[in-house]
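To start, the structure itself, in structure tokens.
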Amino acid sequence: MSMQVYSVSSITTYLRELLETDPHLADIWVSGEVSNLSRSTAGHFYFTLKDADSQIRCVFFRGATLQRDLPSLVESGAQVVAHGRVSLYEVRGDLQFYVDFVQPEGVGVLAMEFERLKVRLEQEGLFEPSRKRSLKPFPERIGVVSSPTGAVFHDICVILARRWPLAEIVLAPSAVQGMEAVRGIVAGIAALNDEPDMDVIIVARGGGSLEELWAFNEEAVARAIYASHAPIVSAVGHETDYSIADYVADVRAPTPSTAAELVAPDRYAVLGALNGHRASLSTAIRFRLDENVGCLRGAMGRMQHCAPPVDRERQKVDDALRVAGALVDAALGRNRDQVGGFLLQLRSLHPRATLARGYALVEREGSVVRSVRQVKTGDALDVRVSDGAFPARVEAKKSVSRRKSRPPQEMQPALFPSDKA
Amino acid sequence: MAAKKSKETFEELYRRLEETVGKLEEGGLPLERSLALYEDGMTLARRCQEMLDAAQVRIRQLRGTLAAPSEPEAGEEEIPWDDAES
């Protein structure tokens, strides 16, 4: 048998470590009456919790929680239930209860847990309204974490089949109460997030007692919802039941059936909207066409207004044509007169007209005799006068010189009466 | 298992329809462009309606997430869905 001597420090350290490794003492609710309350200048609370037989020293460090109603709850004589861990304050060797949450006596343990977790997660930012995602208007893949056998999943399917049959519903089956529920819900959310293109995930359970709904108030479920890539719609219990899951979820549906209505539109409403869009298209294009026809009419009007004075030009042309016609007619008339003159002239040049004036035509063997050289003495000639012809004979011939004056009797006196003068 | 969809989704078609209606209503476009928008819009509306008319809800159940040790490996099964039930 060996004896060993320990230092005080080693004992207190050993005890502290012993206390801190005990899972029960690390997360414990203790009920009792507050006494010996003091508050340090740093804002920490020191008090004692006691019952009829015992007491334990308590410390509540400022900053251990954001619980806002703590000062009003912790006052001497108050019956409270405090949450925290038990450890040893080595400096004084005192056993201490390090409190992080206080509720008034009379509240159920689950309700207290709920409040404690809610405060903690809210403080951590899990409920931030700014990180709530909006739901897609026309989801194609809707995940559901729920019991495969309950009425909840069936109801969700019925509503979605009626409202939005475009969607594919993917169920991640899970227990929704009892020991397996937390693990199942967390695994279900994770599995649905592994599916491609999951537009939304409904985490649903029907109504029940606080104990039955408890899985939805567990921190692991809250963190799984927070970590989900797909937006989460929580639908737990009845309208009046609020769960931690509801606070973390992107959308809280009061009931599972409402969740099914929230995640998808009603196809008849969408069909109505489609018809509305068609009507808008038709109205808009008719308006455009009318507008264009109007523009066209206006342009035609302006064009007519600006057109050159065709009628006036036409009249001018008419006038010009008339003048030209008159000129042509006049020219033709002049020509006609001229031609008449020529005809008269021509007629006067006819040999018969000469004969009628007393001249005679002398021919010899059919040729007209124009010169004395054409005949010789004794030739037979034909002499034609205006009313007939007679034969003649050349008895002598004589040339007439214009220079020498010839006695007129040697000429044909009848033919040149003027020469007689 | 479901491959990344390459087909046009209802959402995409509907969004384009809304855009087209908006552009046409806004106006200020040449007539030919307006007519093209009108035809596009009507085609999109018809395709949306066809998708809605032809749609049949599909229901699938993942295996292996139900927290029970007897569950087989991760997989899935189709659940037949009778519309008449609704």
remark   = Burial-style ranking of A:98-104, A:235-241, A:376-382, A:320-326, average other-beta-carbon count within 10 Å with highest first, yields A:98-104, A:235-241, A:376-382, A:320-326
Most to least packed among A:258-268, A:117-127 [average Cβ atoms within 10 Å] = A:258-268, A:117-127
query = What whole-number value in cubic angstrom gives the convex hull volume per residue for the C-alpha atoms of the range A:82-124?
reply = 84
inquiry  = Let me make sure I get this right: for the range A:8-107, a, b and c are the square roots of the gyration tensor eigenvalues over alpha carbons, sorted descending. Under 1.5 in a/c it's rounded, otherwise prolate if a/b > b/c, else oblate. Which is it?
reply    = prolate
key: 5 angstrom amide H check on A:Val102, placed H, neighbours 5+ away   = A:His83
message = What are the ³J(HN,Hα) couplings of the range A:243-251, residue after residue, when phi is run through the Karplus curve with 6.51, -1.76, 1.60 and θ = phi - 60°? Round to Hz, x for glycine and proline.
response = 10, 4, 4, 4, 6, 7, 4, 5, 9
Order of A:Trp164, A:Trp29, A:Trp214 under a 10 Å beta carbon neighbour criterion, fewest first = A:Trp29, A:Trp214, A:Trp164
ask   = Counting every Cα pair in the range A:208-273, what percent are over 19 Å apart?
value = 37
Gaussian network model of chain A, Cα within-10 Å springs - most flexible of A:Gly184, A:Gly143, A:Gly106 = A:Gly106
query = At 222 nm, what helix-only mean residue ellipticity would the protein assembly as shown give, in deg cm²/dmol to the nearest 500, using -39500 (n - 2.57) for each DSSP H run of four or more?
reply = -13500 deg cm²/dmol
query = What does the highest-first list of A:72-82, A:128-138, A:144-154 look like by mean Cβ count within 10 Å?
reply = A:144-154, A:72-82, A:128-138
remark   = Karplus-derived 3J(HN,Hα) from phi for the range B:42-54 (6.51 cos²θ - 1.76 cosθ + 1.60, θ = phi - 60°), whole Hz, x at Gly and Pro, runs 5, 5, 4, 4, 5, 5, 4, 5, 4, 4, 5, 5, 8
request  = Arrange the following residues from fewest to most other Cβ atoms within 10 Å of their Cβ: A:Val233, A:Val8, A:Val400.
outcome  = A:Val8, A:Val400, A:Val233
key: Karplus-derived 3J(HN,Hα), 6.51/-1.76/1.60, for each residue of the range A:260-269, Hz, glycine and proline x   = 4, 6, 6, 7, 9, x, 7, 4, 6, 5
ask   = Under a 5 Å amide H to amide H cut-off, with H placed in plane at 1.01 Å, what residues pair with A:Ser31 once short-range neighbours are removed?
value = A:Ala82
message = Translational diffusion coefficient of chain A at 20 °C, 1.002 mPa s, Stokes-Einstein with Kirkwood Rh over Cα pairs, in µm²/s as a whole number.
response = 62
message = If I histogram all Cα-Cα distances within the range A:302-373 using bins 5 Å wide from 0, what percent of pairs lands in each bin?
response = 3, 11, 9, 10, 9, 7, 7, 6, 6, 5, 5, 4, 4, 3, 3, 2, 2, 2, 0
ask   = Based only on Cα atoms, what Rg/Rh ratio does the range A:123-235 have, Rh being taken as Kirkwood's radius?
value = 0.95
request  = Search the structure for amide H atoms under 5 Å from the amide H of A:Tyr89, placed 1.01 Å from N in the peptide plane, and list their residues when 5 or more places away or on another chain.
outcome  = A:Asp94, A:Leu95, A:Gln96
query = Among A:Asp197, A:Asp329, which comes first, second and so on when ranked by fewest other beta-carbon atoms within 10 Å?
reply = A:Asp329, A:Asp197
note = With Rg from the Cα atoms and Rh as the Kirkwood inverse mean 1/r over Cα pairs, the range B:10-66 has an Rg/Rh of 1.30
request  = Provide, for chain A, the number of lysine pairs with alpha carbons under 20 Å apart, each pair being eight or more places apart or on different chains.
outcome  = 6
note = Bridge orientation stat for the protein assembly as shown from DSSP, antiparallel percent rounded to 5, came to 65
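The numbers here are math on the coordinates, done by the rules we state, and not lab data. On a predicted model such as this, the values are computed, not experimentally measured, just so you know. Because the Cβ atoms are built from the backbone with ideal geometry, glycine has one as well, and the counts that use them run over all protein chains shown.
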